[in-house]
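Bear in mind that the values in this text are calculations on the coordinates, not laboratory data. Given the structure is predicted, the values throughout are model-derived calculations rather than measurements. Here Cβ is always computed from backbone atoms with ideal geometry, including for glycine, and neighbour counts include all displayed protein chains.
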């Protein structure tokens with residue numbers, strides 16, 4: 001397809017196609033859209049790309065993406081240092097922060113245990129988590145992992161590892177707010193039943 | 001949302017969100033994916049962006065996107081110079097080239113006549129087309145525009161303008177190959193009926 005386009009354009013389309021969720025058609029659409037933008041827009045995008053890649057690393061404490069050695073959340077003295085919420089990746093931190101409900105710290109695992117993909121506990125930041133729980137004398141570790149097979153495996157593993165050191169909880173699963181019972185899948189309904197509470 | 005991300009990352013997300021079809025969630029996903037790529041991938045993408053923007057302009061003859069003053073198709077002496085296929089934009093050229101059926105030249109209008117959007121004949125490359133048809137003594141101008149209201153208006157307009165100069169045709173509309181009659185919309189079916197041919 002790209003052969004019919006002039007070389008520099010074909011190259012851009014080929015590059016855009018490597019992005020997740022971008023097929024040949026959308027790569028084409030994106031490239032033609034970009035060509036129509038003013039020079040400064042394109043330079044700003046290219047710069048944002050290079051700058052983010054160059055400056056953004058991981059927080060030394062919680063492994064959240066950060067441009068500083070220690071991220072804003074870890075550096076915030078007003079947040080509860082003895083509650084650690086364990087998540088799969090940085091996206092989950094952002095999702096939880098948006099609720100404005102949580103005032104503790106985070107720990108980003110960098111994935112979940114998945115032997116099929118060759119991801120064992122050593123590939124994750126689990127050692128650092130255990131050290132951190134000990135060093136900060138954590139009062140609670142909240143496991144906020146998705147209820148997939150790999151998530152559950154990781155929750156079991158972390159529970160066994162951390163329960164001797166602190167209180168370990170996991171977030172609730174059930175019907176989403178505004179969700180219709182009729183359309184919920186069986187697993188969610190089972191979880192919702194299992195997690196029922198007194199009125 | 002982006003406030004919770006470290007600044008350079010928030011800036012990248014914000015930039016990606018300006019792309020067509022990229023919402024806040026996909027911008028986030030793209031940005032986090034990009035951060036995980038090796039440095040050289042990111043540099044290659046940024047370079048492809050800047051190079052395409054800098055080098056790609058329009059062919060002086062047909063207005064197809066081109067890095068040279070005259071595009072490969074117009075410069076190809078083996079192609080029929082007296083047949084011009086008129087299309088809305090460069091994407092249509094690529095789509096038609098992929099059929100490997102057409103051996104004439106193209107003319108990219110840059111849009112269709114749409115008074116609602118303030119696009120009249122002057123905003124398109126229609127003057128250049130008329131001059132070109134005269135200069136090359138065209139034998140046929142094929143109008144390959146979509147059968148939308150704006151497309152039909154443009155076809156009518158071009159027909160009236162070009163019929164005194166040359167033969168003007170339009171591409172056929174009907175059931176797509178492999179398409180199921182049951183699922184075709186009424187307009188397509190009407191066009192298919194209207195365009196029926198002897199067996």
Check your understanding: Per residue of chain A, what 222 nm ellipticity follows from adding -39500 (n - 2.57) for every DSSP H run with n ≥ 4, rounded to the nearest 500?
Key -> -13000 deg cm²/dmol
Practice item. Starting with the fewest neighbours, write out B:130, B:22, B:87 ranked by other beta-carbon atoms found within 10 Å of each beta-carbon. Key: B:130, B:22, B:87
**Study point:** Degrees between helix B:7-16 axis and first principal axis of chain B (Cα, 0 to 90, nearest 10)
**Key:** 10
Study note, to complete from the structure: Ordered by fewest other Cβ atoms within 10 Å, a rough proxy for footprinting exposure, B:189, B:16 read B:189, B:16
Review point. Shape call for segment B:7-55 from the C-alpha gyration tensor, a ≥ b ≥ c root eigenvalues: rounded (a/c under 1.5), prolate (a/b greater than b/c) or oblate?
Key: oblate
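Relative contact order (percent) for chain A, with alpha-carbon contacts under 8 angstrom and 6 or more residues of separation?
Result for chain A is 13 percent.
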Study note, to complete from the structure: Checked segment A:62-199 against the a/c 1.5 cut and the a/b vs b/c comparison, axes a ≥ b ≥ c from its Cα gyration tensor; verdict prolate
Review point. Let a ≥ b ≥ c be the square roots of the eigenvalues of the Cα gyration tensor of segment A:54-118; is it rounded (a/c under 1.5), or, if not, prolate (a/b larger than b/c) or oblate?
Key: oblate
Practice item. Mind checking B:25-31 for the average number of partner chain beta-carbons within 10 Å of each residue's beta-carbon? Key: 3
**Study point:** Position residue B:196, label points 7 Å along Cα→Cβ, spacing to each other copy in nm (shortest first, one decimal)
**Key:** 6.4
Review point. How many partner chain Cβ atoms sit within 10 Å of a residue's Cβ in peptide B:93-103, on average, as a whole number?
Key: 2
**Study point:** Peptides ranked, highest mean first, by Cβ atoms within 10 Å: ranges B:146-152, B:107-113
**Key:** B:107-113, B:146-152
Study note, to complete from the structure: Taking Cα pairs closer than 8 Å and at least 6 residues apart, the relative contact order of segment A:78-172 in percent is 32
Practice item. Calculate how steeply helix A:24-36 sits against the longest principal axis of the alpha-carbon atoms of chain A, using the helix alpha-carbon long axis, and give the answer as 0 to 90 degrees to the nearest 10. Key: 60
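If you take each beta carbon of peptide B:63-69 and count the beta carbons of other chains within 10 angstrom, what is the mean?
Per residue, the number of nearby Cβ atoms from other chains is 3 on average.
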Practice item. Could you pull the copy-to-copy label distances for residue A:40, with points set 7 Å along Cα to Cβ, in nm to one decimal and sorted shortest first? Key: 3.5
Check your understanding: Helix B:149-162 versus the longest principal axis of chain B: what is the Cα-based angle in degrees, 0 to 90, to the nearest 10?
Key -> 50
Practice item. Look at the axis of the rotation that sends chain B onto chain A, then give the chain B residue with the nearest Cβ and the distance in whole Å. Key: B:46, 2
Check your understanding: Using mean Cβ contacts within 10 Å as the protection proxy, how do A:163-171, A:121-129 order, highest first?
Key -> A:121-129, A:163-171
Review point. Based on the Cβ-Cβ distance of residue A:191 and residue A:139, what FRET efficiency does E = 1/(1 + (r/R0)^6) give at R0 = 35 Å, to the nearest 0.05?
Key: 0.85
Revision key, fill the gap. With the label set 7 Å along Cα→Cβ, residue B:139 is separated from its counterparts in the other copies, in nm and shortest first, by 8.8
